[in-house]
Amino acid sequence: MKRVMVVLAVVSLALFAGQAVATDAADAPDKAAISKHVDEIVLAIDGGKDAAAFAADAYTPYAFIMEQGGLLIVHPSLAGQDLKTKAMPIYEALQAATADGVWINYQWKGKEKHTYAKKTKTDLIVASGY
């Protein structure tokens with residue numbers, strides 16, 4: 001009887017863990033879609049489109065565009081403000097952006113954040129994440 005209880009406990013634990021992983025995967029944003037949106041914005045800017053012409057909320061999750069020094073050109077609520085002043089840890093994390101694009105992980109307000117960031121030819125940083 002003890003053996004049956006142990007087996008049932010192990011099976012239940014495995015099923016619960018599998019359900020939790022499946023739920024997390026279902027709730028996770030589409031990383032490929034996020035990077036595609038950022039790549040499209042960078043391509044358009046590199047092709048001559050004015051960075052300020054983009055709407056931050058045209059994508060879900062929103063995209064933002066920042067000058068190398070921290071000034072946010074496009075952001076749903078902070079456009080025209082300095083990210084170094086508003087959120088230095090995020091500004092510092094975004095310095096890892098590359099011309100090829102890179103996923104950056106950082107902590108913000110106690111939560112793990114994941115942001116895809118890519119530089120334009122003029123060193124603007126375009127990013128989006130969750």
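The values are calculated or read from the model by the stated rules, or taken from the named source; none is laboratory data. Quantities reported herein were computed from a predicted structural model and do not represent experimental measurements. Surface areas here come from the heavy atoms of the whole protein model, side chains and all, with no ligands, DNA or RNA. Shrake-Rupley method; radii C 1.70, N 1.55, O 1.52, S 1.80 Å.
For segment 31-126, the per residue solvent-accessible surface stands at 54 Å², with DNA, RNA and ligands left out and a 1.4 Å probe. Which shape class, rounded, prolate or oblate, goes with segment 21-112 when its Cα gyration tensor gives a ≥ b ≥ c as root eigenvalues, a/c under 1.5 marks rounded, and past that a/b bigger than b/c marks prolate? It is oblate, given that a/c is not under 1.5 and a/b is not larger than b/c.
For residue 121, the lysines whose Cα falls under 26 Å of its own Cα, not counting residues fewer than eight places away in the same chain, are 31, 36, 49, 84, 86, 113.
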